[in-house]
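Novice: Structure below; questions to follow.
Where a number appears in this text, it was derived from the coordinates with a stated rule and is not lab data. As the structure is a computational prediction, the values presented were derived from the model and not from experiment.
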Amino acid sequence: MRFPVIILLLLPVLGCGSGKTPAKPITMKEDQSHLPMPADDAGWKQRLTEEEYRVLRLKGTERPFTSEFEQFWDSGTYVCKGCGSELFSSETKFDAGCGWPSFYQAMDKSKVKEITDNSHNMIRTEVVCAKCGGHLGHVFNDGYGQPTGLRYCINGVSLGFKKKQ
Ligand SMILES: [Zn+2]
């Protein structure tokens, strides 16, 4: 009769392992919006990680499907990783399936600047942070993001996230 006793003792242990661990909340490492804007490249390099610097300051693109925000649906505000400016609301985020966090509109038209981008033999509209000039991504008028028809395809590495309190 020893066997059933052992099983019973093990049950609580096995039960613990089967539960999903709660998702780690994602927040900005540090809100730097209160700090003065870096005056030069050296200052930006100090503030940003290598990848953040490559995307935000050198207009790079992160590899698709690598952002922690690509499939992230918490309620809150997405801010510029460079300067902390509030850029997008989680309410306008949608799954475009393109591999980058996508929004159908900016929080406020004045928060982002749209610039015609002719690089890579394409005519695209680049989206930059209006406050610090950091490269965020591109906006496409391809009907995916409803109700506006716009798809702000944004590098997750350019963003921080402030959870709704
Ligand atoms: Zn910024």
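Novice: Which whole-number percent is the relative contact order of segment 22-163 (Cα, under 8 Å, 6+ apart)?
Specialist: So the answer I get is 27 percent.
Novice: Given axes a ≥ b ≥ c from the Cα gyration tensor, I'd like to know whether segment 70-126 is rounded (a/c under 1.5), prolate (a/b larger than b/c) or oblate.
Specialist: Oblate, because a/c is 1.5 or more while a/b does not exceed b/c.
Novice: Ok, one more. When a/c reaches 1.5 or more, the comparison of a/b and b/c decides; with that in mind, is segment 57-154 rounded, prolate or oblate per its Cα gyration tensor?
Specialist: rounded
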